[in-house]
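**Q** What follows is a single structure, and I will ask about it in a moment.
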Amino acid sequence: MADRPSWRDLDRNRDKSAHRREERPARGRKPRVDSATAAYKRKLDAFFDQGVVPEHLKDKLPAGASDGPGPRQKLLRDVRDAKNNRALEKAVDTLRADFGLPDDMEILLRVLEHSKDPVLLEALGLIEQYVESGQQVPRKQRFVQRLKGLEFSSFDPRVQRKAVALANRLR
């Protein structure tokens, strides 16, 4: 039988071919280079979440707009970031009293966790208007689950009927 090269020799020869000239990465991790896109996205997130205005936009905004997030923006953030039901209900009640409920579906999803039926009825009305406008509902499954839960957790039959109707419509 002819003397055949071993698999190891074949692999070693393949690694020496002309099209495999680039260096192999070292075993340790190399530090990531921060791309301009990543830095830009971080600045945008800071602008929209915390109200930190980037230097290149300060002269383009109207006077007084670079003072940080306004009270409405702070309340929306409080609703979004609420860790327990008491904090959520307090933030929703303050937002509703001062500015009314927004038509932001992420905020309305959190509002559906509220325990008071008048707040739930108002939120369900806004969700119904959103659905009737033909817009796509984000996180549809979570909405359906939360609406089905309202059928059992609410004591108001109007809330129950509206929640069931909306859940069936979203399916």
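**Q** Extension gain Glu128-Glu106, at 0.36 nm per residue separation less the Cα-Cα distance, in nm?
**A** The span from Glu128 to Glu106 would gain 6.5 nm if fully extended.
**Q** For Leu121 and Asn84, FRET efficiency with R0 = 25 Å and r from the beta-carbon atoms, rounded to 0.05?
**A** Rounded to the nearest 0.05, the efficiency is 0.60.
**Q** How big is the Cα convex hull of the range 71-170 in projection, averaged over all directions, in nm²?
**A** That works out to 5.9 nm², a quarter of the Cα hull's surface.
**Q** Filter Lys74/Lys148; Lys116/Lys162; Lys116/Lys148 down to the pairs with a C-alpha to C-alpha distance above 19 Å, please.
**A** Over 19 Å apart, Cα to Cα: Lys74/Lys148.
Only the coordinates and a few stated rules stand behind these numbers; no lab work does. As the structure is a prediction and not an experimental result, all values here were calculated from the model. Methodologically, a virtual Cβ is constructed for each residue, glycine included, from the backbone with ideal geometry; neighbour enumeration extends over all protein chains shown.
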